[in-house]
Structures are given as structure tokens and as C-alpha cells.
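Participant: Before I ask anything, here is the structure I am working with.
Taken together, the values in this text are just the output of simple stated rules run on the coordinates, not laboratory data. All figures in this text were calculated on a predicted structure; none of them were measured in a lab. Cβ placement follows ideal geometry from the backbone for every residue including glycine, while neighbour counts extend to all protein chains displayed.
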Amino acid sequence: MSGRSAQARPILVFYHIPGDGDEAEMPNAFPVLKPEGQVMLQDVRSKFPLPGTYHFRFKMRWGPDPLQVAWMDVTNEAAQVPFFDGKVVAKAVRRHQEELGGADLNTFPFFCCVPVFAQRWRVRCRFWDVDRFG
């Protein structure tokens, strides 16, 4: 195996903004030039084509059933974002400081997953526990 790093190539980041009336079935897209599997939140944020401050959630598989998916809240800028079926799929939410009570979500070093399909699940986060019945 050679010591060469992986060749950078454009990776499309598919996204929709529910607050703008975008539909997940008709996403927008923009390219990020990175080796596959190495897309970080900071890459998505720096190449995001719209002005403003956004919180990003990324679609991923949840558990062994291929029909179960989750939206992962990635808040660490240096964290790698998940791929879904070989693509990066994001939901972008505009952030308004007054709605967040002044909290900056990007400073928290954790993420939480929220399953889409009903099942009992528990995720332990740094600042809170989530225990939910679907």
C-alpha cells in the first residue's frame, strides 16, 4: 500500500430547508471537494451556498432494519458527517439566537439521534437523557 492520500473528488451534499417549504424528495445540492468519507461539518458549513447561520441534521441508518433512519444533529465543526446510501443528505434549519435563548449549539461537543420510525430508544447525551416511546 502506498503512502499517498486518497484523491480528492467532488462529493454532492444534498439538502433541504423545511422552514422555506423545501421538500426532502426534491433536494438542493452543492459540491464539497474532499476524499470520500472525510466530509466534516466545517466543510459543509463553509461551502453552504446560502447566507445566514444554520443548524445541520444529517440522515443516517438507525439499527439493522434498512427502513429505520435517523437525523443526526452534528454540532462539532471537526466531526465527520454521516453518509446515507453513499450520499450526504442534510436538513438545514435557520438559527435565530433569540429562539435559542442565547445558546450556541455549535459549541456543544455531542450529538443526538432522533429515530423517525416508532420503537423504544434511549440516547445518552452529555447534557441530557432522552428516553422515548415511539
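Participant: Under a crude label model (7 Å from the Cα following the beta-carbon direction), how far is residue 96 from residue 60 in nanometres?
Facilitator: 3.0 nm
Participant: Once amide H atoms are placed 1.01 Å from N in the peptide plane, what residues at a sequence separation of 5 or more from residue 95, or on another chain, have their amide H within under 5 Å of its amide H?
Facilitator: Under 5 Å from the amide H of residue 95: 53, 54, 55.
Participant: Across the range 60-68, in residue order, what do the Karplus-derived ³J(HN,Hα) couplings come to in whole Hz, using 6.51 cos²θ - 1.76 cosθ + 1.60 with θ = phi - 60° and x for Gly and Pro?
Facilitator: 8, 6, 10, x, x, 6, x, 7, 8
Participant: Put a dot 7 Å past each Cα toward the Cβ at residue 7 and residue 68; how far apart are the dots in nm?
Facilitator: 3.8 nm
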